1. Taking each pair of different alpha-carbon atoms in the stretch 280-362 once, compute 1/r for the pair, average those values, and report the inverse of that mean as the Kirkwood hydrodynamic radius in Å to one decimal.
2. So, how do all the Cα-to-Cα distances of the stretch 106-204 break down into 10 Å bins, in percent, from 0 on up?
3. Compute the distance from the alpha-carbon center of the stretch 291-312 to that of the stretch 325-381, in whole Å.
4. Solvent-accessible area per residue for the stretch 5-158 at a 1.4 Å probe radius, Å²?
5. Please give the charge dipole size of the stretch 73-150, origin at the Cα centre, charges +1 on K and R Cβ atoms and -1 on D and E Cβ atoms. Round to the nearest 20 debye.
6. Quick one: pull the percentage of alpha-carbon pairs in the chain with a separation above 40 Å.
7. Could you work out what % of the accessible surface of the chain is carbon and sulfur, using a 1.4 angstrom probe and leaving DNA, RNA and ligands out of the count?
8. If you take the beta carbon distance between residue 187 and residue 368 as r and set R0 to 41 Å, what does 1/(1 + (r/R0)^6) give as a FRET efficiency, to the nearest 0.05?
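The values are calculated or read from the model by the stated rules, or taken from the named source; none is laboratory data. All values reported here derive from a predicted model rather than from experimental measurement. Heads up, the Cβs are rebuilt from the backbone with ideal geometry, glycines too, and the neighbour counts pull from every protein chain shown. Heads up: the accessible areas ignore ligands, DNA and RNA and are worked out on the full protein's heavy atoms, side chains in. Shrake-Rupley method; radii C 1.70, N 1.55, O 1.52, S 1.80 Å.
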Amino acid sequence: MDDTRTVAAAATAGPLAGFTVGVTAARRADELIALLRRRGATVVHAPALRIVPLADDSELLAATKELIGCAPDTVVATTAIGFRGWIEAADGWGIGEELLTRLRATELLARGPKVKGAVRAAGLVETWSPQSESLAEVLDRMLAGGVAGRRIALQLHGEPLPGFVEALRAGGAEVVVVPVYRWMAPEDLAPMDRLLDAVAAGVGAIDAVSFTSAPAAASLLSRAEERGMTEAVLAGLRGDVLSACVGPVTALPLQARGVDTVQPERFRLGPLVQLLCQELPGRARVLPVAGHRLEIRGHAVLVDAELRPVPPAGMALLRALARRPGWVVGRAELLRALPGAGRDEHAVETAMARLRGALGEPNVIQTVVKRGYRLALDAGECAPAD
């Protein structure tokens with residue numbers, strides 16, 4: 001078998017071809033979806049939140065006036081869009097220049113390069129910014145320098161960041177929060193409900209769910225609870241459905257419910273997609289069958305040099321056979337594996353014929369008369385552990 005040819009074929013098809021990825025993001029969702037599709041993924045977009053700007057919000061106006069009237073020692077800008085929104089809201093109220101004057105005279109910490117860009121676009125210069133984009137690094141720096149008696153303004157972007165605020169207050173700081181945006185449930189819950197149904201259905205329905213904010217992860221779990229399907233959704237996320245988070249803060253609501261997550265080293269969309277390109281093919285079942293290399297992906301199979309889409313019923317049969325490659329699987333057991341097949345074993349024969357046609361290699365699956373079917377595992381090969 002030519003492994004080089006197979007790897008090249010997978011690259012041509014796209015590292016995520018044959019896999020389905022859920023996207024829960026609202027902000028920058030188009031960018032993430034484009035990156036995933038460019039690599040071959042089928043995408044299910046289910047915004048778990050919507051972002052509501054607070055240009056007319058009295059809480060934001062009050063916080064802004066308070067900072068103009070009583071200057072802070074330090075201002076922490078946490079998101080680029082949030083910082084820009086704050087400046088734009090102040091301009092709308094006619095106090096934009098007063099706010100900028102205050103910010104020029106204070107220590108201004110920007111969480112990462114994108115926030116630094118927004119700060120400079122406003123005509124300001126940051127005092128310091130971590131390359132890691134980690135708020136934990138910002139907090140460590142502040143606590144190491146001492147915050148007792150200091151007045152600190154924290155620009156929020158919907159997420160309350162209670163641990164960050166509490167640590168500063170425990171260190172003796174006065175903290176003024178500046179809530180620029182607020183997260184709310186999406187107006188249309190149907191896409192999120194469809195994603196939850198897919199996660200609960202498990203293998204074959206969806207392969208991974210991406211999360212780019214902790215509120216989105218919390219919102220998805222909250223909706224599952226509202227629908228009475230928490231355990232089914234958690235079983236899916238703890239099982240075959242991969243949870244890919246953009247960073248450790250995003251992962252917290254999932255980890256608190258016992259869900260393992262994967263995260264890129266750099267907390268950006270590009271590295272998140274690259275991580276999925278590594279993780280999902282690495283989780284695919286690979287079998288040497290009838291002189292071919294079968295890589296069983298979410299809704300398709302890579303047969304040597306070609307990615308072949310397979311209908312859901314066919315994938316259900318193939319997975320049942322792959323659990324015991326080389327062993328005969330009876331029709332009754334295969335019937336139970338078929339989604340909504342009922343009691344007619346003829347449904348197995350029909351689905352099996354379509355599976356063989358989809359694979360394009362009829363010898364991959366052998367019929368054992370009066371017993372059932374089996375994958376033709378190559379002689380001398382050991383069946384991989386399930």
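1. Here the Kirkwood hydrodynamic radius works out to 13.0 Å.
2. 13, 35, 24, 16, 11, 1
3. The distance from the Cα centre of the stretch 291-312 to that of the stretch 325-381 comes to 15 Å.
4. Result: 43 Å² per residue.
5. On the way: 9 positive and 10 negative charges, 28 e Å.
It works out to roughly 140 debye.
6. Values: 22769 of 74305 pairs.
That fraction is 31 percent.
7. 50
8. Values: r = 54 Å, r/R0 = 1.32.
That pair, residue 187 with residue 368, gives E of 0.15.
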